[in-house]
Amino acid sequence: MIKQTLLGEFLYEAENTRKLLKAIPDSALDFKPSEVNWTTAQLASHIAEVYNWFEYTFNQDVFDMGTYVYDKGDISKAENIVAKFEENVSKAQHAIEISDESSYFNEWKMETNGNSIFPPMPKIQVIRSFLYNHLYHHRGELVVYLRSTGNKVPGLYGPTADDKF
């Protein structure tokens, strides 16, 4: 039952992520609101990459970032970022589908070379925060980036200011 709930939310929100990533024009990829922020391309790439973490979170109890290979692909064009998203979202969906609900309350930890990055916590808490909420947070940032570059924002939870009522 928990898996089906998580999968339903995942599918709905992945479609929202897809709409948002497809709304990025190439002309906005180099924008960054300040020196400490990522560019639009880097932020969008990170959003696409988070979907690659589902397998390591749903189906393992330890995520070793020391051995993880970050593959952002070619971020010079928005369509490439969308393609990487599609690749990763497919793997993420499969990871949820094959996951074992009985492991959702196992202790999960992220480490690098044996050193803890996050304190151990129940896997279900990591799924909700590290995966789902993390994505929603970065999508919100991406909405601001799109608005700041004069681009329209697709409705994720209903119409936006760009939609005529």
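I need a count of the residues in segment 120-158 that are open to solvent by 30 Å² or more (accessible area, probe 1.4 Å), farther than 16 Å from Asn59 by Cα, not in a loop (DSSP other than H, G, I, E, B) and not hydroxyl-bearing (Ser, Thr, Tyr).
Of the residues in that region, 8 qualify.
Please tell me if Lys3 is touching a Pro at 6+ places or on another chain (Cβ under 9 Å), assigned to a helix (DSSP H, G or I) and open to solvent by 30 Å² or more (accessible area, probe 1.4 Å).
Values: touching a Pro at 6+ places or on another chain (Cβ under 9 Å): no; assigned to a helix (DSSP H, G or I): yes; open to solvent by 30 Å² or more (accessible area, probe 1.4 Å): yes.
Here the answer is no, as Lys3 does not meet what is asked.
Pick out the one residue from Ile75, Ile96 that is surrounded by 13 or more Cβ atoms within 10 Å (Cβ to Cβ), part of a helix (DSSP H, G or I) and hydrophobic (A, V, I, L, M, F, W, C). Working first, answer last.
Details: Ile75 fails: part of a helix (DSSP H, G or I).
None of the others qualify; the one that does is Ile96.
Condition check ((1) over 21 Å from the mean Cα position of the chain (by Cα); (2) under 22 Å from His46 (Cβ atoms)) across all residues:
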site: Thr112; (1), (2): no, yes
site: Asn115; (1), (2): yes, no
site: Ile124; (1), (2): no, no
site: Arg128; (1), (2): no, yes
site: Asn133; (1), (2): no, yes
site: His138; (1), (2): no, yes
site: Thr149; (1), (2): yes, yes
site: Gly158; (1), (2): no, no
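Can you spot a residue in segment 140-148 that is farther than 17 Å from Asp162 by Cα and in contact with a helix residue (DSSP H, G or I) (Cβ under 8 Å, 6 or more places away or on another chain)?
There is at least one residue in segment 140-148 that is farther than 17 Å from Asp162 by Cα and in contact with a helix residue (DSSP H, G or I) (Cβ under 8 Å, 6 or more places away or on another chain).
Only one of these is farther than 29 Å from Leu29 by Cβ, out of contact with any strand residue (DSSP E or B) (no Cβ under 9 Å at 6 or more places or on another chain) and in contact (Cβ under 8 Å) with a residue 40 or more places away in the chain: Glu107, Glu97, Glu111, Glu141. Name it. Show your work before the answer.
Numbers: Glu107 fails: out of contact with any strand residue (DSSP E or B) (no Cβ under 9 Å at 6 or more places or on another chain); Glu111 fails: out of contact with any strand residue (DSSP E or B) (no Cβ under 9 Å at 6 or more places or on another chain); Glu141 fails: farther than 29 Å from Leu29 by Cβ.
After applying the criteria, what remains is Glu97.
Counting only residues that are buried (at least 16 other Cβ atoms within 10 Å of the Cβ) and among the aromatic types (Phe, Trp, Tyr), which one in segment 6-37 is nearest to Asp74 (Cα to Cα)?
Out of the qualifying residues, it is Phe31.
Conditions tested, residue by residue: (1) in a helix (DSSP H, G or I); (2) in contact (Cβ under 8 Å) with a residue 12 or more places away in the chain; (3) of a type in the set (Gly, Ala, Ser).
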| residue | (1), (2), (3) |
| --- | --- |
| Pro33 | no, yes, no |
| Tyr51 | yes, yes, no |
| Glu55 | yes, yes, no |
| Asp71 | no, yes, no |
| Ala83 | yes, no, yes |
| Glu87 | yes, no, no |
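When the residues of segment 6-31 are filtered to those that are in a helix (DSSP H, G or I) and in contact with a Pro (Cβ under 7 Å, 6 or more places away or on another chain), which remaining residue is nearest to Arg139 (Cα to Cα)? Steps first, answer last, please.
First pass over segment 6-31, keeping only residues in a helix (DSSP H, G or I): 6-22, 26-28.
When the remaining residues are screened for being in contact with a Pro (Cβ under 7 Å, 6 or more places away or on another chain), the result is 19-20.
On the way: Lys19: 11, Leu20: 8 Å.
Among those that are in a helix (DSSP H, G or I) and in contact with a Pro (Cβ under 7 Å, 6 or more places away or on another chain), it is Leu20.
What is the residue count in segment 7-31 for residues that are free of Cβ contacts under 8 Å to residues at least 12 places away in the same chain and more than 30 Å from Ala95 (Cβ to Cβ)?
Here is the first cut: in segment 7-31, the ones free of Cβ contacts under 8 Å to residues at least 12 places away in the same chain are 8, 12, 15, 30.
With the extra rule that they be more than 30 Å from Ala95 (Cβ to Cβ), the set shrinks to 30.
Result for segment 7-31: 1.
For Tyr70, all conditions in the list (1) under 14 Å from His46 (Cβ atoms); (2) modelled with pLDDT of 95 or more; (3) among the aromatic types (Phe, Trp, Tyr) hold save one; what is the number of the exception?
The number of the failed condition is (2).
The values are calculated or read from the model by the stated rules, or taken from the named source; none is laboratory data. Just so it is clear, the model here is predicted, and its values are computed rather than measured. Heads up, the Cβs are rebuilt from the backbone with ideal geometry, glycines too, and the neighbour counts pull from every protein chain shown. Side chains included, ligands, DNA and RNA excluded: accessible areas come from the protein's heavy atoms. Shrake-Rupley method; radii C 1.70, N 1.55, O 1.52, S 1.80 Å.
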